[in-house]
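Reading through the C-alpha cells given below for one structure.
The values are calculated or read from the model by the stated rules, or taken from the named source; none is laboratory data. Note that the structure is predicted; figures quoted are calculated from it, not measured. As a convention, Cβ positions derive from the backbone with ideal geometry for all residues, glycine included, and neighbour counts pool all protein chains shown.
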There are 2 protein chains.
Amino acid sequence: MVTIKQVAEKANVSTATVSRVINGNYPVSEKVKNKVMKTIKELGYRPNSIARSLKCNKTYMVGMVVPDISNNYFMDIARGVESVISPLGYSLIFCSTDENTDKELRLLNALNDKRVDYVLLASSTQEDHKLQKFIDQGMNIIMIDTSLENLQTDSVVEDNYNATYKLISYVIDQGHKRIGAVNGLLSVSTAKERYNGFCKALEDHDIPLEQSYIVNGAYNRRKTYEEVKFMIQRNINKLPTVLFAANNDMAEGAMIALKEMNLKIPDDISLVSFGDINLAELIEPRLTIISQNAVLIGEKAGELMLKKVSGNSEHDITKVTIPSEIIIRNSVKSI
Amino acid sequence: MVTIKQVAEKANVSTATVSRVINGNYPVSEKVKNKVMKTIKELGYRPNSIARSLKCNKTYMVGMVVPDISNNYFMDIARGVESVISPLGYSLIFCSTDENTDKELRLLNALNDKRVDYVLLASSTQEDHKLQKFIDQGMNIIMIDTSLENLQTDSVVEDNYNATYKLISYVIDQGHKRIGAVNGLLSVSTAKERYNGFCKALEDHDIPLEQSYIVNGAYNRRKTYEEVKFMIQRNINKLPTVLFAANNDMAEGAMIALKEMNLKIPDDISLVSFGDINLAELIEPRLTIISQNAVLIGEKAGELMLKKVSGNSEHDITKVTIPSEIIIRNSVKSI
DNA sequence: TATAATATAGTAAACGATTACTATAGATTT
DNA sequence: AAATCTATAGTAATCGTTTACTATATTATA
C-alpha cells in the first residue's frame, strides 16, 4: 500500500504538504498542489483511514446494536439510518444481541474499543447503570425503539403507549370483551409500554384482564408460535375473541399457530398487531395494525446523530417520539 | 479515555510490559503481571483497537457489500457470516449498493481505506477489471452469491444453472408449454446462470422460447410488480401458463401483480421461484421453489475467510458451490 | 530602503499501541 | 570462579497520518 511518505518523496515535498493538499485546510501554491495531485494519481494513493482515525480521534463509523438482525423492522431502521449517514461518509457496523444482556454489553465494549463515533442501540437489557457507565466514559449513544427511563441519553422511539391504547379501544368498540395479548419481554420498554396501553384501555372500558389470555416474553416468531398454540389449547373451551400481538414477528407467529389450529381470522378469532407483518399485501385477511415507520425512525436517529457530531445542541438530551397511526383493515370481527 | 501509558505509569512499569501482560506473548513475572492487571482493572483500561490496527495491520473488520440491504436473502447470508466470524472477534460492516456499479466501487474504496481484513461481495457489476484492480492491490475479496468468471478470487455461490434446469424441466413435465420468466439483470452472473438453465431446459424439451413472456432486469419487488402487470396486459389474449421468477423478491412482486389482476395461482397461471418468499407458511398457494440456504452460504463464506486469514491455503482459489434442491408444493397446475 | 505582514513550505511531535533490540540479574555449566 | 544461558524488564523505533511550530521568500507599508 502506498503511503503519504512515498507520495511526498516522489513529489519532492514534505508529508505535511501532501496532507494539506488532500485536506485543503491550509494554503498550498497552485504549482505544488498540481504536482502533488498528479503524484497521488500516478501512485494511486489513498489515505489510510486507520491512521487518520488515530490522529483525529474520529472513525466515521457508527455501531448499530439490535436484538435481532433478522427482523425486518430493525433492518428498515438500519436502512433509514444508512440513507442519511452514508452520504456524509459514515459506515454502519451491525451487531445482533439475540436479546442477551451479556452479549449486548460485550458488543458495546467492542464498539467502544473500536472507537465508533456513535452507537445506535435498540437495547433489550434493563441494566441501565451498566449502560450509563458507557455514557459516562464518553461513549455517544442514541437509544432507538426502546428507551430506559433513568438513562441520560438521547432517544428516538415510538408512541407505544398511546397507539396501543387507541388500537385496543377500537377493538373494544367492535364489541370484544375477551381480549388476549401476546407480549414481548416486559423488561423492555417497548413491550412494557405497549402492554401498559393495553391494560389501560381495558381498565377504562371496564373490561376484565384475563390472565390466562396473556402470553408473555416471546418476542420472536418461533417462540410465539409455540406459546400461542399452548395458550389456545389451554383455553379451548372459552377462547379469547381477539388477540393483540405486540410486534410484527409475534403477529406472524400467532397467525401461523392459528392457521395450524384451523382458527380462521377473523371469523373464529380476531387479530391485531403493533406493526405490519411482512408481505402484508399477500396475506388474508389484511391485518388491522398500528403502522410503524421504521425507516423514519432510522432517519430521525441518523439526523440526530449528525446534529450531535456537528457540535450543535451538544449537551441537551433529545427525546424524539414518532407518532403511530392505526390502519383498520379486516382482521377484527364486529360482535 | 485511559491509555496504556497511564497504566504503565501508575503500575510503575514500561508500556512494553503492560502490552505484554495484555497479549500474553512474552514472559512477565507473576508479581508484575498481577500488579499490572490490578491497575488495568482499577483504571478500567481497554486497549484502543485503532492504534492496534495501525501497528499490526489487522482490523478485525470485514465488509459485506450487497445489492439490497432490505432483501431477506442477503440478511440471512449476513447472519450466517456473523455467526461464524463474531466468535473470533470480527465485526461486519454492511453496505448496500442499490445495484449501482459506481456506488459499489465507491464502497469498495471506502472499505479499502478502512483496511478491512476481508470483503464479502455480492456484486452487481460486470466491470471485472475494476474489481481485479482491488484484488491486485492486495484487497481480500470473496464473491458471494454472484461470481465473475475472469476474476482471480474465491467465491461461494449456488448451483444456479442446474437447479433452474431441473425446476423448469419439472414444470415442463407437468405439461406446460407457454412458459414465461422474470429475470434479474442479466449482466449479473446469478441472473444469467438461472436464465441459461431456463433456456436450456426449454431447448432440451423442444419448447419454443416466447420473447414476449420474458420480463428482464427487474430484480426487486416494486419494479417486478409493474413489469409483470405490463407483461400480462400485453399478452392478455394468450397468457403464459406458468411463470418462473428468478428470485424471492421478484416472486413476491409477481404474486402481488397476479393477485391484483385477479389471476389465481395455480388455476389461472402457475408460478415457480428460485428461492422462497417471506412468510411462505402463510401464503396460499404454497409456492413450488428452489430452496436456497442463505445462512449456509454465509457460514461457508465466513469459514472460507477464517481459513484464509489463518494463513492456510493462502493462494489457491477456492470456488464453493452450494447445491440447491427443488421443493414441490402446489403452485404448479398439471395440464 | 528598512520593516512589517503575508503566503507558503518544512520539521518534528504527536495519536496509542507493538516489538526488535538491549540490559541486567540470577541460575547453570564447566 | 569464570563463562554462558535464561528469564524478565526497559528503550525507543515504528505504523501512517495531522498539525503546532518554525523558517523563508515575497509583498506591502512606512
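Looking only at the range B:254-290, how many residues end up being within 10 Å of another protein chain (Cβ to nearest Cβ) and not hydrophobic (A, V, I, L, M, F, W, C)?
5
From the list B:149, B:203, B:227, pick out the single residue that is of a type in the set (Asp, Glu) and either buried (at least 23 other Cβ atoms within 10 Å of the Cβ) or under 21 Å from residue B:269 (Cα atoms) (or both). Before the answer, list the steps.
On the way: B:149 fails: either buried (at least 23 other Cβ atoms within 10 Å of the Cβ) or under 21 Å from residue B:269 (Cα atoms) (or both); B:203 fails: either buried (at least 23 other Cβ atoms within 10 Å of the Cβ) or under 21 Å from residue B:269 (Cα atoms) (or both).
Answer to the selection: B:227.
Scan the range A:40-56 residue by residue and report those that are within 7 Å of chain B (Cβ to nearest Cβ) and among the aromatic types (Phe, Trp, Tyr).
Within the range A:40-56, no residue meets the criteria.
Go through the range A:29-44 and count every residue that is surrounded by 18 or more Cβ atoms within 10 Å (Cβ to Cβ) and either near DNA strand D (Cβ under 7 Å from one of its atoms) or among the hydrophobic types (A, V, I, L, M, F, W, C) (or both).
2
Output the residues belonging to the range A:80-106 that are surrounded by fewer than 18 Cβ atoms within 10 Å (Cβ to Cβ) and within 8 Å of chain B (Cβ to nearest Cβ).
A:89
How about the range B:74-132: which of its residues are of a type in the set (Lys, Arg), within 14 Å of residue A:86 (Cβ to Cβ) and outside any helix (DSSP H, G or I)? Steps first, please.
Filtering the range B:74-132 for residues of a type in the set (Lys, Arg) gives B:79, B:103, B:106, B:114-115, B:130.
Restricting the remaining residues to those that are within 14 Å of residue A:86 (Cβ to Cβ) gives B:103, B:106, B:114.
Passing the criteria: only B:114.
Has the range B:162-177 got at least one residue that is β-branched (Val, Ile, Thr), surrounded by fewer than 16 Cβ atoms within 10 Å (Cβ to Cβ) and touching a residue at least 12 places away in the same chain (Cβ under 8 Å)? It would help to see each step written out before you state the result.
The initial filter retains those residues of the range B:162-177 that are β-branched (Val, Ile, Thr), namely B:164, B:168, B:171-172.
Remaining after also requiring surrounded by fewer than 16 Cβ atoms within 10 Å (Cβ to Cβ): none.
No.
Let's see how each residue does on (1) among the hydroxyl-bearing types (Ser, Thr, Tyr); (2) at pLDDT 95 or above; (3) surrounded by fewer than 20 Cβ atoms within 10 Å (Cβ to Cβ):
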residue	(1), (2), (3)
B:273	yes, yes, no
B:278	no, no, no
B:283	no, no, yes
B:292	no, no, no
B:297	no, yes, no
B:305	no, yes, no
B:313	yes, no, yes
B:323	no, no, yes
B:329	no, yes, yes
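Just one of B:299, B:227, B:203 is more than 14 Å from chain A (Cβ to nearest Cβ), under 17 Å from the mean Cα position of the chain (by Cα) and part of a helix (DSSP H, G or I); which is it?
Values: B:227 fails: under 17 Å from the mean Cα position of the chain (by Cα); B:203 fails: under 17 Å from the mean Cα position of the chain (by Cα).
After ruling out the rest, the residue left standing is B:299.
What's the number of the condition residue A:59 fails, among (1) near DNA strand D (Cβ under 9 Å from one of its atoms); (2) within 9 Å of chain B (Cβ to nearest Cβ)?
Tallying (1) near DNA strand D (Cβ under 9 Å from one of its atoms); (2) within 9 Å of chain B (Cβ to nearest Cβ), residue A:59 fails exactly one: (1).
So residue A:21 passes all but one of these: (1) of a type in the set (A, V, I, L, M); (2) within 14 Å of chain B (Cβ to nearest Cβ); (3) in contact with a Lys or Arg (Cβ under 8 Å, 6 or more places away or on another chain). Which condition number does it fail?
(2)
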